[in-house]
Number of protein chains: 4
Amino acid sequence: MPTDVTLQAAVAAIEAARQKADKLGVPMNIAVVDAGANLVAFARMDGAWLGSIEIACNKAYTARAFDMPTKELAKISQPGDPAYGIASSTQHRIAIFPGGIPLKAGGKVVGAVGVSGGKPDQDHAVAEAGAEAFGAS
Amino acid sequence: MPTDVTLQAAVAAIEAARQKADKLGVPMNIAVVDAGANLVAFARMDGAWLGSIEIACNKAYTARAFDMPTKELAKISQPGDPAYGIASSTQHRIAIFPGGIPLKAGGKVVGAVGVSGGKPDQDHAVAEAGAEAFGAS
Amino acid sequence: MPTDVTLQAAVAAIEAARQKADKLGVPMNIAVVDAGANLVAFARMDGAWLGSIEIACNKAYTARAFDMPTKELAKISQPGDPAYGIASSTQHRIAIFPGGIPLKAGGKVVGAVGVSGGKPDQDHAVAEAGAEAFGAS
Amino acid sequence: MPTDVTLQAAVAAIEAARQKADKLGVPMNIAVVDAGANLVAFARMDGAWLGSIEIACNKAYTARAFDMPTKELAKISQPGDPAYGIASSTQHRIAIFPGGIPLKAGGKVVGAVGVSGGKPDQDHAVAEAGAEAFGAS
């Protein structure tokens with residue numbers, strides 16, 4: 001059982017995510033971080049938003065930093081909600097919208113994938129494809 | 001009557017907070033700042049969220065910076081509220097959600113404890129345990 | 001003649017660099033930016049320095065930002081030299097030591113590769129392998 | 001063999017460092033990071049320099065980020081040296097003077113300790129005491 005994300009596993013997750021993005025017809029930025037929330041690999045598909053480079057990395061960071069999909073963090077970070085303000089309380093690395101998903105091995109979070117470039121639901125679906133490929137590896 | 005937070009007192013507050021977190025079954029990040037709002041001690045319990053390292057420190061900073069629990073600051077920082085925007089008006093050290101509590105000596109604020117790693121109410125409860133231990137010392 | 005760096009070309013450059021790093025026996029961080037100096041792809045080889053993630057990206061940025069190898073920039077950025085201070089005059093993305101090399105197409109700079117993880121000469125040699133693979137593509 | 005730094009091990013390293021600092025008669029800031037270069041524990045001894053809070057954390061970060069004592073990094077980062085500019089090429093987290101030392105388990109770097117508050121040689125000696133305590137645990 002892997003306890004961390006190798007480059008090979010990260011590249012495989014990115015490739016699976018890329019294929020899903022191709023199917024959706026939306027070029028994406030895709031980032032993978034390891035257990036320490038540090039970047040392992042990144043790919044920007046041709047034509048993907050430049051502004052999403054950092055966002056994809058931050059979504060991956062956030063999903064590992066809080067061991068949950070950024071989609072879940074979004075639900076508790078709205079105005080009036082218990083974690084409202086979490087994104088602005090730190091140095092701008094916390095993403096509170098869909099597209100970041102933890103990578104798990106043996107039920108334990110060992111990294112994360114972050115995707116940005118489309119609509120939030122598309123980002124989440126592409127990240128899911130990456131996470132599934134990692135889980136199956 | 002102490003006028004500042006010694007390392008010994010900070011460690012004692014962290015230990016009390018840690019025991020409370022253990023009871024709740026949630027690993028936490030716990031930070032203590034002194035009268036100058038500067039970090040005195042910090043502990044990340046095994047398995048606690050990586051993203052909460054900075055947040056715990058910022059909650060402690062905020063609770064001393066404004067001499068009130070961050071839970072109180074949260075109430076006046078929502079959209080439409082008088083302090084809305086306070087978190088984004090600075091270099092991102094201001095936390096506007098529960099988990100930061102001032103440390104008092106003789107009714108005067110001389111520091112603060114910040115906790116992050118669980119639900120906001122859990123963070124607040126753990127910080128409270130730390131603050132109580134300090135007040136009783 | 002390509003006028004920009006595609007993901008496919010970036011991945012090929014990284015792969016060539018990775019093979020060179022393998023030969024040297026030093027795990028590296030490898031980044032590729034496009035004509036706009038924006039990140040296209042990144043890979044951290046297993047065991048490569050964590051501190052070099054940002055540095056590899058910054059070397060790639062710098063090599064495109066000034067259209068010269070960072071090794072050349074290093075020569076004019078020492079104390080007393082004409083460009084001394086260039087690294088600290090900005091938001092810290094400028095690398096003034098070897099490991100960043102422009103990617104050229106038809107004699108024109110269209111991107112750059114940045115490598116960090118070993119001795120500066122090793123970083124430069126690995127970046128060179130990446131740049132050569134790009135030039136030959 | 002530990003593959004990462006637990007809170008208990010970090011606290012023990014800090015305690016050993018603190019005792020060494022006491023012997024030297026210099027109050028220190030002491031930080032410990034884990035394999036992912038993320039903060040595990042921190043202590044500021046009473047009267048220690050406020051400016052050294054961040055420096056101690058950055059020394060620990062740096063020692064893990066490059067898997068070498070910051071004292072070694074210092075030697076290759078002087079003007080004219082191969083890694084000159086490394087500290088200013090990133091977001092100010094790289095320390096190029098003594099006081100940061102990797103923590104090893106089974107010959108592998110799994111974290112680091114960073115110390116700041118005295119003369120560089122004192123910082124290094126105090127960090128060494130922390131690293132030795134970790135290695136012996």
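Values as computed for the structure displayed
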read-out: Distant-in-sequence amide H partners of A:GLY100 (H built 1.01 Å from N, under 5 Å); value: A:THR70, A:LYS71, A:VAL115
read-out: Residue among D:LEU24, D:LEU73, D:LEU103 with the largest mean-square fluctuation in a Gaussian network model of chain D, springs linking Cα atoms under 10 Å; value: D:LEU24
read-out: FRET E, pair D:LYS104, C:GLN8, Förster distance 35 Å, beta-carbon r, rounded to 0.05; value: 0.30
read-out: Amide H within-cut-off set for C:ALA105, under 5 Å, with H built and near neighbours excluded; value: C:VAL110
read-out: The range C:7-136, accessible surface, carbon-and-sulfur percent (1.4 angstrom probe); value: 51
read-out: Protein-protein interface of the range A:32-47, residues with accessible area decrease of at least 30 Å², isolated chain reference, 1.4 Å probe; value: A:GLY36, A:ASN38, A:LEU39, A:VAL40, A:PHE42, A:ARG44, A:ASP46
read-out: Where the Cα pairs of the protein assembly as shown fall when distances are cut into 10 Å bins, in %; value: 4, 18, 27, 27, 17, 5, 1, 0
read-out: D/C buried area, accessible surface, summed, 1.4 Å probe, Å²; value: 1600
read-out: Per-copy distances of the A:ASP46 label point, shortest first, in nm (7 angstrom along Cα→Cβ); value: 3.2, 5.0, 6.8
read-out: Chain D - Rg (one decimal) and Dmax (whole number), Cα, Å; value: 13.6, 42
read-out: 1.4 Å probe, heavy atoms, protein only - residues of the range B:88-137 losing at least 50 Å² accessible area vs chain alone; value: B:HIS92, B:PHE97
read-out: Residues of chain C: accessible area per residue with a 1.4 Å probe, Å²; value: 40
read-out: 1.4 Å probe, heavy atoms, protein only - residues of the range C:2-24 losing at least 40 Å² accessible area vs chain alone; value: C:LEU7
read-out: Top positive-direction residue, dipole computed over the range B:1-97 with Cβ charges, set B:VAL26, B:LEU7, B:TYR84; value: B:VAL26
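The values are calculated or read from the model by the stated rules, or taken from the named source; none is laboratory data. As the structure is a computational prediction, the values presented were derived from the model and not from experiment. When we count neighbours, we look across all protein chains shown, and the Cβ atoms used for this are built from the backbone with ideal geometry, even at glycine. Heavy atoms of the whole protein, side chains included, go into the accessibility calculation; ligands, DNA and RNA do not. Shrake-Rupley method; radii C 1.70, N 1.55, O 1.52, S 1.80 Å.
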